[in-house]
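Below is one structure; the comments refer to it alone.
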């Protein structure tokens with residue numbers, strides 16, 4: 001009596017969950033370059049690099065930029081996030097005061113006469 005075997009396919013079917021688990025576990029890199037030239041002059045160059053992986057894999061590769069970023073910390077309040085902006089505004093105010101004092105000290109009117117064509121505006 002002979003045993004008849006059915007040949008097995010080397011390609012196994014994979015469902016979406018298995019595929020996603022494999023991608024997140026191993027990681028995947030998608031890279032592309034787009035260049036637009038006109039008569040040998042490069043007008044536009046775009047380089048795209050996309051890395052898809054799990055957080056653990058990203059940390060293993062050294063891509064943990066979110067760890068030290070205060071905007072991604074759950075321990076910070078909105079007031080603490082606005083603190084650097086407040087400090088920057090105070091520094092800018094001090095610089096403006098120093099600049100104004102220096103202009104007054106060094107004959108402010110002559111500087112203003114030279115800058116009549118310059119338009120100023122507040123941001």
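Numbers for the structure displayed
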{"read-out": "Any hit, the stretch 17-24, residues being modelled with pLDDT under 90, over 30 Å from residue 63 (Cα atoms), out of contact with any strand residue (DSSP E or B) (no Cβ under 8 Å at 6 or more places or on another chain) and surrounded by fewer than 10 Cβ atoms within 10 Å (Cβ to Cβ)", "value": "no"}
{"read-out": "Residue within the stretch 92-100 that is surrounded by 10 or more Cβ atoms within 10 Å (Cβ to Cβ), closer than 30 Å to residue 19 by Cβ and at pLDDT below 85 present", "value": "no"}
{"read-out": "Subset of the stretch 29-66 (residues that are without any contact (Cβ under 8 Å) to a residue 12 or more places away in the chain, assigned to a loop (DSSP other than H, G, I, E, B) and surrounded by 10 or more Cβ atoms within 10 Å (Cβ to Cβ))", "value": "64, 66"}
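The values are calculated or read from the model by the stated rules, or taken from the named source; none is laboratory data. As the structure is a computational prediction, the values presented were derived from the model and not from experiment. With ideal geometry, Cβ positions are generated from the backbone for all residues, glycine too; neighbour counts draw on all protein chains shown.
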